[in-house]
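> My questions will all concern the structure given below.
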Amino acid sequence: MVHNGYDKSINNQSHVREFTLLAIAYVSHWKPLIFSVFLTVFLMTILGNSLIILVVRLNVSLHTPMYFFLSNLSFVELCYTSITIPNILSGIIRENGAISFSGCMVQVYLFTLCATAECILLAAMACDRYVAIIRPLRYTVIINRMVCVYLAIFAWSSGILNSTINTVVTSNLYFCGPNVMDRLYCEVQPLIRLSCSDTHLSDMLATLSAAVFGVSCLLFILTSYTFILLAIMKMKSRSSRSKTFSTCTSHITVVILYFGGLIFMYLLPNDRSSQWLDLAVSMIYSMVTPMLNPIIYSLRNHQVIGALRNMMRCLT
């Protein structure tokens, strides 16, 4: 018998059949405004990242490693947004944050996949900038087409493996209540905290995942940029230093936004009084960053702007 999201068994225990995303219930109080905001974010993200992918695909001058990784990153951002915002919009309309157990696990799987792939892709882009600045004469030899393809395959396959392991283990946990999360979407860590069973393995896998794909990628990026900055400082011409550093600013901005949010959410101590702040930060790395990425990478990039203008001329 199912009652209020619980499946009551013969032994008088309960098994959760759905979860309540409490943050959706919170934002539903301002239904017209919040719905408009999320819909705008969704449409801007889809349009902006789709344009980046299309421009890179159609413009031969952008068939370089940096833009290859950028198009992969834009696809990740499309997936991020498609995983979360449609369900949020549906919940706001229904004024109900309920999500089925299976729907929650699908979100966990796809969200973990995208988060893992994004960490590796951002690290690969840092590697690309490192080689371009530190070893410019060997750049085309070191970062060739096959290396780019292998790195992209590694990013996506790592995402699939990591999300499969974590989702399978999480879905096999026993949930007997409560079934409420202070989130806009399902994630592994909040689900682990709701489980009534032994979560030792789940905690260990979540920590290992964060260390391998989060912390290690961030350390790699920081190390790369340390060497890049040292190389830039050694340049005699001020204009050369400025021009070289400008090729890295877009990537640095995205890294700060994305990893800053992850660090705040998962590495800093949890404080119940900061639920609204947690909600805001989770929105930054899962929704705002995907929306801003096309703008960040296009604003200071004359090649992308020129390619966009050419494409618009062809369409008109």
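The values are calculated or read from the model by the stated rules, or taken from the named source; none is laboratory data. Note that the coordinates shown come from a computational prediction; the quantities given were computed from them, not determined experimentally. Glycine also receives a Cβ, built like all others from the backbone with ideal geometry; neighbour counts cover every protein chain displayed.
> Test each condition in (1) farther than 20 Å from S82 by Cα; (2) surrounded by fewer than 20 Cβ atoms within 10 Å (Cβ to Cβ); (3) of a type in the set (F, W, Y); (4) in contact (Cβ under 8 Å) with a residue 12 or more places away in the chain for W30 and report the one that comes out false.
So W30 meets the others, but not (4).
> From the residues in the range 204-236 that are buried (at least 17 other Cβ atoms within 10 Å of the Cβ) and more than 22 Å from the chain's Cα centre (by Cα), which one is farthest from E18 (Cα to Cα)?
My answer is I232.
> Please go through the range 148-196 and give me each residue that is surrounded by 17 or more Cβ atoms within 10 Å (Cβ to Cβ), touching a residue at least 40 places away in the same chain (Cβ under 8 Å) and of a type in the set (V, I, T), ordered by number.
Those that are surrounded by 17 or more Cβ atoms within 10 Å (Cβ to Cβ), touching a residue at least 40 places away in the same chain (Cβ under 8 Å) and of a type in the set (V, I, T): T167, T170, V188.
> Separate question: Right, V169: of a type in the set (A, V, I, L, M, F, W, C), over 24 Å from H251 (Cα atoms) and in contact with an Asp or Glu (Cβ under 9 Å, 6 or more places away or on another chain) or not?
no
> Here is a follow-up. Given the structure, is L62 at pLDDT below 85 and surrounded by 13 or more Cβ atoms within 10 Å (Cβ to Cβ)?
Yes; evaluated as a whole, the condition is true for this residue.
> Okay, moving on. Can you tell me which residue among I88, I53, I99, I93 is in contact with a Ser or Thr (Cβ under 7 Å, 6 or more places away or on another chain) and not charged (D, E, K, R)?
The match here is I53.
> Tell me whether the range 112-125 contains one or more residues that are β-branched (V, I, T), surrounded by fewer than 22 Cβ atoms within 10 Å (Cβ to Cβ) and touching a residue at least 40 places away in the same chain (Cβ under 8 Å).
No; the residues of the range 112-125 include none that is β-branched (V, I, T), surrounded by fewer than 22 Cβ atoms within 10 Å (Cβ to Cβ) and touching a residue at least 40 places away in the same chain (Cβ under 8 Å).
> Which of (1) at pLDDT below 90; (2) of a type in the set (A, V, I, L, M, F, W, C); (3) buried (at least 18 other Cβ atoms within 10 Å of the Cβ) does V131 not meet, given it meets every other one?
Exception for V131: condition (1).
> Which members of the range 1-43 meet the condition of being polar (S, T, N, Q), in contact with a strand residue (DSSP E or B) (Cβ under 6 Å, 6 or more places away or on another chain) and modelled with pLDDT of 75 or more?
Passing the criteria: only T20.
> Acidic (D, E) and either without any contact (Cβ under 8 Å) to a residue 12 or more places away in the chain or crowded, with 18+ Cβ neighbours inside 10 Å (or both): which single residue out of E95, E77 fits that description?
Only one candidate qualifies: E77.
> Another one. Collect the residues in the range 214-253 that are modelled with pLDDT of 90 or more and hydroxyl-bearing (S, T, Y), keeping them in residue-number order.
Within the range 214-253, S216, T223, S224, Y225, T226 qualify.
> Continuing with the same structure: Can you work out which of the residues in the range 95-122 that are under 22 Å from V27 (Cβ atoms) and polar (S, T, N, Q) is modelled with the highest pLDDT?
Q107
> Here's a follow-up. Just to be sure I understand, how many residues within the range 145-203 are assigned to a loop (DSSP other than H, G, I, E, B), within 18 Å of the chain's Cα centre (by Cα) and among the β-branched types (V, I, T)?
Of the residues in the range 145-203, 0 are assigned to a loop (DSSP other than H, G, I, E, B), within 18 Å of the chain's Cα centre (by Cα) and among the β-branched types (V, I, T).
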